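The values are calculated or read from the model by the stated rules, or taken from the named source; none is laboratory data. The shown structure was predicted, so the numbers you read here are calculated from the model rather than taken from an experiment. Note: ideal-geometry Cβ built from the backbone for every residue, glycine included; neighbour counts use all protein chains shown.
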Amino acid sequence: MKMIIQEPVQAAIWHCLNHYAYSDATFLAERLCAEDLCCCLADRRCRLTAPVSSAVQSDESVHLLATCYYRSGRPGQAHTLLHSRQPRLPAARYLLALCCFELDRLAEAESILSGGSILKPKGHDDVSGEFGDSASLALRLLARIYIRTERKAKAAEACKKSLKLNPFLWSAFVDLCNLGESVDSAKVFTTAGLDSFAMCQGPAGGGPGTEPAPQQHHAPAPHGVGHVTNVNITSTPYQTPVNALAGGALPPGCGLTVSKATPDSEKDAVRGKQALFRSQLNSTVGSPYSPSFGFLPLDTPSPGGESLPLGLLSSSPALTNNAETHDTKPGFGRRVLNRKDRAMLGLSGSSVKENNKANRLVTPKSPSRKIKTRSSKTALTTPNFNELNEKNRSERQLKSEPRGRPGSETITSAADAKPLTGQQLQVAALTIQRGSAEGLMSLLRDVGAAYQQLSQFSCRRAVDLLSALPAHQFDTGWVLSMLGKAHFELNDYKEAVRYFQMVREREPYRLETMEYYSTALWHLQREVELSALAQDLLDHGRHSAEVWCAAGNCFSLQKEHETAIRFFTRAVQVTPQFAYGHTLLGHEYVMTEELEKALTCFRRAVSIDPRHYNAWYGIGMIFYKQERYTMAEMYFKNALDINPQSSVLMCHVGVVQHNLQKTDAALLTLNRAIALDPANPLCKFHRASVFLSSERLQEALDELLQLKQMVPNESLVFFLLGKVHEKMGHAHLARMHFSWAMDLDPKGANNQLKEAIEPAISRGPGDDDKTAGEAGVLGDSSFLPADMTATPEAAEPFQPIQAMESDESL
Amino acid sequence: MITMLPSEAVEEYDPYKEERLGRVREVGNQAVWSLSTCKPGFGVDQLRDLSLETYWQSDGPQPHLINIQFKRKTTVQQVCIYSDFKQDESYTPNRVSIRAGTSFHDLRELEVRELSEPSGWLVFALRGADDRPLRTYHLQIAVITNHQNGRDTHMRQVRVHAPVEQRGVTVQPVGSFVSVECSQYACLR
């Protein structure tokens with residue numbers, strides 16, 4: 001009796017969930033749960049049915065309720081529920097672990113996933129055995145826990161295992177790269193190693209409408225080709241239910257299961273797959289759209305007008321059921337099922353458990369769909385293949401069914417009546433699935449290789465790889481933002497900004513990596529753009545750390561450090577695990593001279609992400625400010641080890657080495673920096689400074705003259721030139737250059753200029769003529785830098801002095 | 001050391017502009033402010049809000065004191081006070097003294113200034129011993145007398161400025177780069 005209640009109800013709940021009607025779903029699930037609990041207790045008292053089954057029932061309903069809570073954004077409730085009821089379903093335990101993780105209860109999450117005693121935790125193989133089809137995701141979650149608890153080696157291992165089981169988990173690959181592991185994306189993103197797609201898709205089809213099939217209890221996840229019991233071929237969630245077979249409340253997601261039923265497990269598996277079953281019946285049919293990869297269109301079948309479409313799909317696309325898509329060109333992984341394939345797959349004799357159509361059609365008498373009974377009747381008998389089709393077709397099917405082997409008839413008129421073994425069937429199905437997933441896999445290989453290079457900071461290589469992607473993929477927000485980030489890491493902020501602008505045009509809702517955009521604008525001092533960006537982002541996502549980082553950068557550029565600190569603190573509160581937020585906060589504290597707080601922030605950033613070289617750099621800067629150069633050098637070198645291609649870091653290391661009197665080492669470093677990034681004027685500037693302080697004046701002069709060509713507007717270049725000339729004894733030239741330096745610094749930002757210049761001026765000849773003219777050289781365009789290449793004239797020796805004096809006013 | 005200033009304060013000095021340009025940094029937020037006396041509703045908040053309309057009004061005997069106590073020894077470059085004779089008349093401070101030290105008991109007078117109908121921002125540049133930048137825990141602004149012998153005083157706004165440590169990572173003691181082409185490479189963020 002309970003079965004009658006459950007099926008439509010569960011299906012109804014899934015339907016609500018799929019349409020995001022969480023309050024409805026939650027309410028119904030709560031009622032179902034209560035009912036189950038009562039029945040469960042009743043069963044136990046009466047010992048009518050096997051306690052296991054009712055326990056399974058109630059486990060399912062608990063899991064369903066917990067899912068409702070979780071999807072409504074209440075992991076706490078889900079956690080409490082699951083914790084109290086302790087279901088044994090792997091999927092339910094996975095959900096419990098996930099809730100624990102999100103509530104920061106890492107120890108609990110870990111014990112659920114890989115528990116066992118503390119002394120003898122389970123290995124990853126045990127985990128995968130226990131969790132069946134959810135193993136890859138369970139391992140992924142475990143990896144995240146390890147990362148949070150700073151166990152890098154175990155995290156890497158778990159990620160690798162997870163990817164082996166399910167190469168569709170991109171985030172595992174990302175984590176692996178971010179841990180600093182060098183992974184070969186070609187080896188990771190391949191379906192060749194997969195025995196079945198069960199891990200990638202789940203047993204009852206990955207569609208959102210499906211329940212986690214309790215058959216996992218009965219038919220554990222397949223290991224090895226020979227033992228495959230479930231080959232799941234599922235369609236995607238994207239399909240819209242075209243055909244709601246009677247009664248509507250069926251999960252739209254579909255799953256087709258071609259499974260070899262061994263007599264014993266058959267009943268259980270069947271029972272377990274009820275919804276599956278129904279879903280297969282109901283599956284979406286014929287939406288004409290098909291994305292490019294992973295698509296196996298069904299071919300129009302058989303002569304009798306009876307179609308036997310093959311619902312073979314891999315993770316993505318829609319099925320065009322009877323689409324006459326004879327697309328011979330495979331493209332990105334499309335594969336048309338031809339007759340040969342169908343013959344391969346088709347089935348006589350082999351047990352397709354869910355022969356939905358047939359079963360279903362028997363149904364109309366019993367609206368409650370006691371599938372169990374039906375299926376037991378038909379299960380082993382019909383060789384018919386899964387069909388995603390409309391009613392009429394299925395009716396025809398039904399009629400044809402009693403004839404014995406309709407499958408073979410419809411599938412191939414060539415009457416290949418040789419029964420295929422279940423094994424061959426599965427192998428064939430697998431091959432087709434693999435072919436169809438190949439398109440996505442090859443894209444992932446390319447993208448993965450690029451991401452790997454980026455995470456190792458081989459940015460040029462990453463840029464090349466990303467630019468080689470096909471145009472339609474290149475033009476997406478993610479790829480463009482990765483390009484932006486690559487240029488950002490190369491310190492090429494202009495290019496980075498250009499890419500980020502493209503991202504904003506195409507995907508204005510995109511928030512990830514926007515913090516890098518804001519920092520690039522900060523470096524370029526583009527106030528207007530930055531404040532516009534911050535405004536726009538704040539409109540879109542106040543709950544996102546990246547947005548608050550952008551806002552903080554905006555105020556930092558305006559020198560309002562207090563406000564910037566407030567915003568960065570907010571960013572950190574919103575997402576405590578966002579390392580960059582801590583780094584930016586640290587930099588702001590350094591600006592307000594609160595060095596202890598800054599140090600705390602940088603240390604926190606580093607503990608979250610040890611490869612976050614910006615934080616290491618920040619710690620180095622703090623020590624530099626405290627003039628503890630040895631420590632500063634150490635931390636700068638740390639940062640440089642992580643990001644060896646950053647010329648800025650090399651410059652810092654070089655300067656610090658010089659401060660430590662290691663002048664030769666400093667020069668070596670600076671030479672390397674110049675070779676690496678000739679566009680960075682500061683490398684030459686620092687080298688010139690080192691020459692100057694080592695009294696290698698001619699070399700300094702040469703360097704500075706080259707630099708003058710590179711950046712003709714930089715006041716400090718002229719200042720240094722002045723100092724060089726001063727040391728060389730060319731007092732006049734020195735004064736000239738100093739005055740030019742003053743000219744180029746209208747805001748007087750460099751107070752040291754005045755202090756440095758004073759002695760030079762006082763040494764000059766005839767400087768007593770302090771005619772108090774207010775008209776200084778400021779704004780006088782006669783001292784355009786272009787003039788300087790000419791030999792210095794003796795013109796206006798006194799004007800520099802006047803300029804100085806007019807600057808004295810506050 | 002008494003200095004006479006012309007009736008105009010230093011012409012159009014705008015501390016906010018200086019802060020925005022990054023030449024100085026306002027550090028009042030890192031300190032604890034207290035007043036010797038004040039009228040309810042006319043206290044520290046009114047002295048430190050960014051509005052020149054609100055003011056602090058003292059309510060007791062002279063000298064009226066503003067105490068600024070930092071958590072740690074802070075380098076202070078100057079103190080800016082806004083005062084307007086036209087609005088405050090007899091409440092306008094006449095003689096102002098700036099003192100610094102480690103606590104209430106060892107304050108040392110740095111500057112005393114006699115004001116004459118001020119109207120605008122008054123800047124008190126502070127130097128420590130040996131003419132080096134002043135580093136202090138405790139700063140005190142004392143209003144000793146008011147115009148027209150008024151008892152209580154009004155003070156509209158006070159800003160405390162610290163020098164900006166502009167020194168980047170450079171070999172020579174230079175400040176920051178002026179051009180964007182250079183400054184973008186000067187640091188990482």
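Give B:ALA162, B:ALA142 a once-over and let me know the one that is within 9 Å of chain A (Cβ to nearest Cβ), crowded, with 17+ Cβ neighbours inside 10 Å and either touching a residue at least 24 places away in the same chain (Cβ under 8 Å) or in a helix (DSSP H, G or I) (or both).
Only one candidate qualifies: B:ALA162.
Looking at B:GLY168, B:GLY120, B:GLY150, can you tell me which residue is out of contact with any Leu (no Cβ under 6 Å at 6 or more places or on another chain) and under 23 Å from A:CYS683 (Cβ atoms)?
The unique qualifying residue is B:GLY168.
With respect to B:THR54, determine if the residue is of a type in the set (S, T, N, Q), in contact with a Phe, Trp or Tyr (Cβ under 8 Å, 6 or more places away or on another chain) and surrounded by fewer than 14 Cβ atoms within 10 Å (Cβ to Cβ).
Considered against the rule, which asks whether it is of a type in the set (S, T, N, Q), in contact with a Phe, Trp or Tyr (Cβ under 8 Å, 6 or more places away or on another chain) and surrounded by fewer than 14 Cβ atoms within 10 Å (Cβ to Cβ), B:THR54 comes out as no.
Sort out which residues of region B:16-45 are polar (S, T, N, Q) and farther than 30 Å from A:LEU557 by Cβ, and write them in order of number.
Once the filter is applied, which keeps residues that are polar (S, T, N, Q) and farther than 30 Å from A:LEU557 by Cβ, region B:16-45 yields B:SER34, B:SER36, B:THR37.
Any residue that is under 21 Å from B:ARG132 (Cβ atoms), in contact with a strand residue (DSSP E or B) (Cβ under 6 Å, 6 or more places away or on another chain), in contact (Cβ under 8 Å) with a residue 24 or more places away in the chain and loosely packed, with under 15 Cβ neighbours inside 10 Å - is there at least one of those in region B:85-102?
yes
Going by what's in this entry, would A:VAL183 be described as in a loop (DSSP other than H, G, I, E, B) and of a type in the set (Val, Ile, Thr)?
Spelling it out, A:VAL183 is indeed in a loop (DSSP other than H, G, I, E, B) and of a type in the set (Val, Ile, Thr).
Can you tell me which of A:ARG506, A:ARG526 is surrounded by fewer than 20 Cβ atoms within 10 Å (Cβ to Cβ), within 11 Å of another protein chain (Cβ to nearest Cβ) and of a type in the set (D, E, K, R)?
A:ARG526
What about A:THR583, is it within 9 Å of chain B (Cβ to nearest Cβ), within 28 Å of A:HIS487 (Cβ to Cβ), among the hydroxyl-bearing types (Ser, Thr, Tyr) and out of contact with any strand residue (DSSP E or B) (no Cβ under 6 Å at 6 or more places or on another chain)?
So A:THR583 passes the test.
Looking only at region A:481-539, which residues are acidic (Asp, Glu) and not in a helix (DSSP H, G or I)?
Passing the criteria: A:ASP492, A:GLU507, A:GLU512.
Can you tell me which of A:ALA468, A:ALA551 is more than 14 Å from chain B (Cβ to nearest Cβ) and modelled with pLDDT of 95 or more?
One residue alone meets the criteria, A:ALA551.
Tell me which helices (runs of 4 or more DSSP H) are completely within region A:679-742 and hold 1 or more residues being surrounded by 20 or more Cβ atoms within 10 Å (Cβ to Cβ) and facing chain B (nearest Cβ under 9 Å), or say none if there are none.
In region A:679-742, the matching helices (runs of 4 or more DSSP H) lie at A:681-693, A:715-728.
From the list A:ARG672, A:ARG604, pick out the single residue that is over 30 Å from B:VAL76 (Cα atoms), more than 11 Å from chain B (Cβ to nearest Cβ) and buried (at least 17 other Cβ atoms within 10 Å of the Cβ).
Just a single option satisfies the conditions, and that option is A:ARG604.
Which of the numbered conditions does A:THR569 fail, given that it passes all the others? Conditions: (1) away from chain B (no Cβ under 11 Å); (2) at pLDDT below 95.
(2)
Would you check if B:ILE68 is closer than 30 Å to A:LEU595 by Cβ, surrounded by 14 or more Cβ atoms within 10 Å (Cβ to Cβ) and in contact with an Asp or Glu (Cβ under 9 Å, 6 or more places away or on another chain)?
no
With respect to the numbered conditions (1) within 7 Å of another protein chain (Cβ to nearest Cβ); (2) not in a loop (DSSP other than H, G, I, E, B), which one is the sole condition not fulfilled by B:ARG189?
(2) is the only condition that B:ARG189 fails.
Restricting attention to region A:439-462, and to residues there that are buried (at least 22 other Cβ atoms within 10 Å of the Cβ) and free of Cβ contacts under 8 Å to residues at least 40 places away in the same chain, which single residue is farthest from A:VAL648 (Cα to Cα)?
A:ALA450
Can you pull out every residue in region A:480-503 that is surrounded by fewer than 19 Cβ atoms within 10 Å (Cβ to Cβ) and farther than 21 Å from B:SER183 by Cβ?
Those that are surrounded by fewer than 19 Cβ atoms within 10 Å (Cβ to Cβ) and farther than 21 Å from B:SER183 by Cβ: A:GLN501, A:MET502.
Looking at (1) modelled with pLDDT of 95 or more; (2) under 23 Å from the mean Cα position of the chain (by Cα), can you tell me which one A:ARG542 breaks?
(1)
Would you confirm, using the coordinates I've provided, whether A:THR519 is at pLDDT below 95 and within 20 Å of A:LEU454 (Cβ to Cβ)?
In short, no.
Within region A:644-658, track down each residue that is touching a residue at least 24 places away in the same chain (Cβ under 8 Å) and buried (at least 20 other Cβ atoms within 10 Å of the Cβ).
Answer for region A:644-658, where residues must be touching a residue at least 24 places away in the same chain (Cβ under 8 Å) and buried (at least 20 other Cβ atoms within 10 Å of the Cβ): A:SER646, A:SER647, A:VAL648, A:LEU649, A:MET650, A:CYS651, A:HIS652, A:GLY654, A:VAL655, A:VAL656, A:GLN657, A:HIS658.
What number of residues in region A:84-102 are under 13 Å from A:PHE131 (Cα atoms), part of a helix (DSSP H, G or I) and either in contact with a Ser or Thr (Cβ under 8 Å, 6 or more places away or on another chain) or at pLDDT below 90 (or both)?
4
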